[in-house]
Amino acid sequence: NNQAFDIAIDSKALFAHLVWDFAEDFSAVLGLRYTDEEKTQSYRFFIDNSANVFNFAGLPPIAYLPTLNPDNPFLTIPTTYSEDWTETTPKIGLDWRVSDTTLLYVSYAEGFRSGGFNGRPTPNQQGQFSAVQPYDPEYNDTYEFGWKMQTADNRIRLNGAVFYSE
């Protein structure tokens with residue numbers, strides 16, 4: 001039993017990042033990301049018994065028998081499916097330049113990962129196969145506090161962050 005899967009992913013994104021120095025030591029950080037992703041997946045399942053591993057009542061070997069396959073005229077579910085996901089996610093933050101060598105920052109950002117397909121049709125209660133269903137995208141909210149420090153001679157740099165993601 002051979003199972004072949006093909007997937008095509010078309011992903012596009014635009015991102016804007018703005019830093020606004022609204023006071024001598026403070027900056028606001030604003031970001032926006034637009035993501036558009038389309039996934040198309042197809043499958044072809046077939047039996048190749050050209051080596052006659054399974055001899056069916058003395059019949060000659062079957063080189064190609066389409067099962068869950070577009071070549072099977074009795075198949076009632078699609079073998080190619082496509083979904084499109086789009087999302088716009090923001091980022092906001094505040095930077096504080098404590099000194100020439102120290103920066104503290106805090107930020108909030110949203111993230112997005114498109115959905116997809118499990119790739120395999122499954123039997124239903126009637127003993128037939130159901131069409132493949134997509135799974136949903138994932139979303140993430142991240143809160144972060146961090147610091148960036150270096151010595152005055154630029155020989156040592158210490159960066160760190162604490163973050164929480166939901």
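The values are calculated or read from the model by the stated rules, or taken from the named source; none is laboratory data. Everything numeric in this text was worked out from a predicted model, so none of it was measured. Because the Cβ atoms are built from the backbone with ideal geometry, glycine has one as well, and the counts that use them run over all protein chains shown. Side chains are part of the model used for accessible areas, which takes the heavy atoms of the whole protein and leaves out ligands, DNA and RNA. Shrake-Rupley method; radii C 1.70, N 1.55, O 1.52, S 1.80 Å.
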Rank TYR43, LEU14, GLY31 by how far each Cα sits towards the positive end of the charge dipole of the stretch 8-53 (+1 on Lys, Arg Cβ; -1 on Asp, Glu Cβ) and give me just the farthest. TYR43
Carbon plus sulfur fraction of accessible area for the chain, probe 1.4 Å, in percent: 56 percent
Can you pull the three principal axis extents for the Cα set of the stretch 39-120, in Å, largest first? 86, 27, 13
If R₀ is 22 angstrom, what is the calculated FRET efficiency for the pair THR80 and VAL53, using the beta carbon separation as r and rounding to 0.05? 0.15
Neighbour cut-off at most 15 other Cβ (10 Å), DSSP loop, trypsin sites (Lys or Arg not before Pro), the stretch 118-165: ARG155
Please express the Cα-Cα pair-distance distribution P(r) of the chain as a list of whole percents, one per 10 Å bin, running from 0 to the bin with the greatest distance. 9, 22, 20, 15, 12, 10, 8, 3, 1
Going from the alpha-carbon gyration tensor of the stretch 1-75, what semi-axes, largest first and in whole Å, does one get by taking the root of 5 times each eigenvalue? 59, 12, 6
Can you give me the distance in nm between label points at TYR108 and THR142, each placed 7 Å from the Cα along the Cα-to-Cβ direction? 1.6 nm
Ratio of the stretch 118-159's C-alpha Rg to 2.2 N^0.38 Å, to two decimals? 2.81
For the stretch 89-131, what number results from the quotient of the Cα radius of gyration and 2.2 N^0.38 Å? 2.61
Globularity index of the stretch 72-144, i.e. its alpha-carbon radius of gyration over 2.2 N^0.38 Å: 2.00
Using DSSP to call loops (not H, G, I, E or B), can you name the chymotrypsin sites (Phe, Trp or Tyr not before Pro) in the stretch 45-110 whose Cβ has at most 13 other Cβ atoms within 10 angstrom? PHE54, PHE56, TYR64, PHE74
Surface accessible to a 1.4 Å probe, per residue, for the residues of the stretch 68-150, Å²: 63 Å²
Neighbourhood charge, 11 Å Cβ-Cβ cut-off, centred on LEU14 and excluding it, Lys, Arg +1 and Asp, Glu -1: +1
The answer for chymotrypsin sites (Phe, Trp or Tyr not before Pro) in the stretch 1-30 that fall in a DSSP coil and have at most 15 neighbouring Cβ atoms within 10 Å is PHE22
How many angstrom lie between the Cα centre of the stretch 92-117 and the Cα centre of the stretch 2-20? 22 Å
